[in-house]
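Readers should treat all values here as calculations from the given coordinates under stated rules, not as data from a laboratory. The structure displayed is predicted, hence computed values, not measured ones. For neighbour counting, all protein chains shown are included, and Cβ atoms are generated from backbone atoms with ideal geometry for every residue, glycine included.
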Amino acid sequence: MERELKFLLEHAHAPALPSGYHLAQPQPTLHLLDEYLDYRGQILAAGWRLRRRRSDGEPLRYTLKSERAESTSGPLTERREIERTPEPHEELPAEIVSTLTEAGVEMPHVLNRLQPYLTLRQERQPFVLSTSEGALALLSVDEVRASAPTPPTEHRWTELEIEFLATIPSEIRDRATDELGAWIAAQPGVTVGGESKVSRAARLLSLSI
């Protein structure tokens, strides 16, 4: 399960944090190329988004994400996530294929017909976010460019994401969600996000998949 806080920024730097939260030195900037794949909207209709990611010095990765859980609101997003690097003999990682098949997607027909309907290019500045209890999350400032092939259009924006580590106890994570969500939303140049990048891009670009 992916659990993260999302905000929109009017600037390209991390905002001030509440007392007790600290950022490590920034990690190297990452350049990400994300392509969202589907065939006639079948994957989206099954409640999933399929992403193919290329990034600096990293192997090709595929990520399958569910739609945002209805129980979350404001800046908090919770989604099921499966992220895998394909084996040399695989066109798409087997766990992703089986998950989509179970969701009702006709994968033998869809697999060889997947096409990108949306491309995101990101410059990501990541930081480790910690408290006195240790590392809590990965905080990222993302400068995003979204484009679609038909018609050729582009939109840009900057996001702040705080993705909690899966190893964090739920009580610590829940407290941090409340404290960070309220504090950051009140900072200058910050508005609550919540919407995923792909959903925001699809809306801005008026995509019909």
When you go through Arg80, Arg124 one by one, which is the residue that is touching a residue at least 40 places away in the same chain (Cβ under 8 Å), surrounded by 12 or more Cβ atoms within 10 Å (Cβ to Cβ), in contact with a strand residue (DSSP E or B) (Cβ under 9 Å, 6 or more places away or on another chain) and farther than 22 Å from Ala176 by Cα? Arg124
Within region 193-209, the count of residues that are small (Gly, Ala, Ser), on the phi < 0 side of the Ramachandran plot, surrounded by 15 or more Cβ atoms within 10 Å (Cβ to Cβ) and in a loop (DSSP other than H, G, I, E, B) comes to 2
Of all residues making up region 93-114, the number that are of a type in the set (A, V, I, L, M, F, W, C), without any contact (Cβ under 8 Å) to a residue 40 or more places away in the chain and surrounded by 14 or more Cβ atoms within 10 Å (Cβ to Cβ): 3
If a residue must be touching a residue at least 60 places away in the same chain (Cβ under 8 Å) and out of contact with any Lys or Arg (no Cβ under 7 Å at 6 or more places or on another chain), how many such residues does region 26-39 contain? 4
Which pairs have Cβ atoms under 6 Å, sit 6 or more apart or on different chains, and link a residue in region 127-149 that is buried (at least 20 other Cβ atoms within 10 Å of the Cβ) to one that is among the small types (Gly, Ala, Ser) and assigned to a strand (DSSP E or B)? Leu129/Ala137; Leu136/Ser130
